[in-house]
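Quick notes on the structure that follows.
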């Protein structure tokens with residue numbers, strides 16, 4: 001009888017671990033929605049909206065607070081790991097250097113991506129486009145100039161990405177009317193003349209702050225700073241249906257939580 005009891009515990013433990021593993025493998029999204037594409041015309045100099053001259057200032061009390069960060073200052077005694085003499089790291093000088101944008105907004109949130117023939121850059125809350133020689137070919141313009149779902153939208157926090165597998169440019173920003181991602185994807189490799197597909201993906205009542213985007217073969221993956229108190233159960237990581245977006249079709253968005261995450265308010269998954 002004692003032998004059976006000794007065998008029973010590892011058998012039960014094995015069954016519990018198997019069920020737990022299966023539950024993890026079958027994790028499903030906690031949020032599913034879709035959005036229709038709204039086409040937008042090619043960029044036209046006549047239709048470009050000048051960027052706002054208002055300087056955005058977010059969390060002004062944070063400016064200059066962290067003069068000393070605990071654990072990051074110089075040691076009071078000699079640091080045995082400190083290099084006594086400056087060395088030289090061989091490298092090449094940049095082939096091209098130019099100012100893409102100047103702004104007084106805080107944070108300025110600069111972002112940009114380069115393709116074979118263009119460099120698209122953005123900041124709070126505008127964008128411009130350069131050729132690969134550093135010549136500006138689309139002047140500074142509000143993000144609202146993209147049209148479609150971006151019309152009258154310039155809340156900011158933009159992200160620029162280049163999908164090298166499809167030879168397309170992506171421009172995103174967030175919106176609070178309602179809370180959502182706005183995504184514009186060029187309809188071809190030329191972000192100036194090929195026009196755009198634009199989308200509004202709602203995020204279920206919470207602003208998708210501080211978005212970061214990654215490109216994969218089966219989707220555009222986005223992480224956010226949202227629902228910080230319930231990030232282990234609420235949707236905070238999203239996947240957009242890449243194949244449908246590239247074709248300008250109705251595309252799905254699915255959202256997942258981050259089980260086990262602990263935050264102290266602002267957080268930045270990636």
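Could you tell me which residue of segment 193-207 is surrounded by the fewest Cβ atoms within 10 Å (Cβ to Cβ), considering only residues that are within 22 Å of residue 244 (Cα to Cα) and out of contact with any helix residue (DSSP H, G or I) (no Cβ under 9 Å at 6 or more places or on another chain)?
Of segment 193-207, the ones within 22 Å of residue 244 (Cα to Cα) are 193-204.
From the residues that got through so far, the ones that are out of contact with any helix residue (DSSP H, G or I) (no Cβ under 9 Å at 6 or more places or on another chain) too are 193-195, 201-204.
Details: 193: 12, 194: 14, 195: 20, 201: 24, 202: 16, 203: 26, 204: 17.
Among them, the one singled out is 193.
Among the candidates 163, 157, 131, single out the residue that is under 18 Å from residue 113 (Cβ atoms), in contact with a strand residue (DSSP E or B) (Cβ under 8 Å, 6 or more places away or on another chain) and free of Cβ contacts under 8 Å to residues at least 40 places away in the same chain. Before you say what the answer is, go through the steps one by one.
Numbers: 163 fails: free of Cβ contacts under 8 Å to residues at least 40 places away in the same chain; 157 fails: free of Cβ contacts under 8 Å to residues at least 40 places away in the same chain.
Of the residues listed, the single one that is under 18 Å from residue 113 (Cβ atoms), in contact with a strand residue (DSSP E or B) (Cβ under 8 Å, 6 or more places away or on another chain) and free of Cβ contacts under 8 Å to residues at least 40 places away in the same chain is 131.
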Top-ranked residue in segment 243-262 [being within 26 Å of residue 186 (Cα to Cα) and without any contact (Cβ under 8 Å) to a residue 60 or more places away in the chain; ranked as surrounded by the most Cβ atoms within 10 Å (Cβ to Cβ)]: 244
On the basis of being surrounded by fewer than 19 Cβ atoms within 10 Å (Cβ to Cβ), more than 22 Å from residue 54 (Cα to Cα) and in contact with a helix residue (DSSP H, G or I) (Cβ under 9 Å, 6 or more places away or on another chain), does residue 114 make the cut? no
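Name the strands (runs of 3 or more DSSP E) wholly within segment 105-204 that hold at least 2 residues that are under 18 Å from the mean Cα position of the chain (by Cα)?
On the way: elements: 111-114, 118-123, 126-131, 136-142, 159-163, 168-176, 179-186, 196-202.
Ranges flagged: 111-114, 118-123, 126-131, 159-163, 168-176, 179-186, 196-202.
Please go through segment 210-252 and pick out each residue that is assigned to a helix (DSSP H, G or I) and either touching a helix residue (DSSP H, G or I) at 6+ places or on another chain (Cβ under 9 Å) or more than 28 Å from residue 110 (Cβ to Cβ) (or both). It would help to see each step written out before you state the result.
Start the filter on segment 210-252 by keeping residues that are assigned to a helix (DSSP H, G or I), which leaves 228-230, 242-246.
229, 230, 243, 244 - these are the residues of segment 210-252 that are assigned to a helix (DSSP H, G or I) and either touching a helix residue (DSSP H, G or I) at 6+ places or on another chain (Cβ under 9 Å) or more than 28 Å from residue 110 (Cβ to Cβ) (or both).
Does residue 53 satisfy being surrounded by 10 or more Cβ atoms within 10 Å (Cβ to Cβ), assigned to a loop (DSSP other than H, G, I, E, B), at pLDDT below 90 and under 28 Å from the mean Cα position of the chain (by Cα)?
Working: surrounded by 10 or more Cβ atoms within 10 Å (Cβ to Cβ): no; assigned to a loop (DSSP other than H, G, I, E, B): yes; at pLDDT below 90: yes; under 28 Å from the mean Cα position of the chain (by Cα): yes.
It is false that residue 53 is surrounded by 10 or more Cβ atoms within 10 Å (Cβ to Cβ), assigned to a loop (DSSP other than H, G, I, E, B), at pLDDT below 90 and under 28 Å from the mean Cα position of the chain (by Cα).
Condition check ((1) under 30 Å from residue 126 (Cα atoms); (2) part of a loop (DSSP other than H, G, I, E, B); (3) at pLDDT 75 or above) across all residues:
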| position | (1), (2), (3) |
| --- | --- |
| 43 | yes, yes, yes |
| 49 | yes, yes, yes |
| 64 | yes, yes, no |
| 70 | no, yes, no |
| 77 | no, yes, yes |
| 81 | no, yes, yes |
| 86 | no, yes, yes |
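The values are calculated or read from the model by the stated rules, or taken from the named source; none is laboratory data. Please read all numbers here as calculations on a predicted model, not as lab measurements. Glycine gets a Cβ as well: all are built from the backbone with ideal geometry, and neighbour counts include every protein chain shown.
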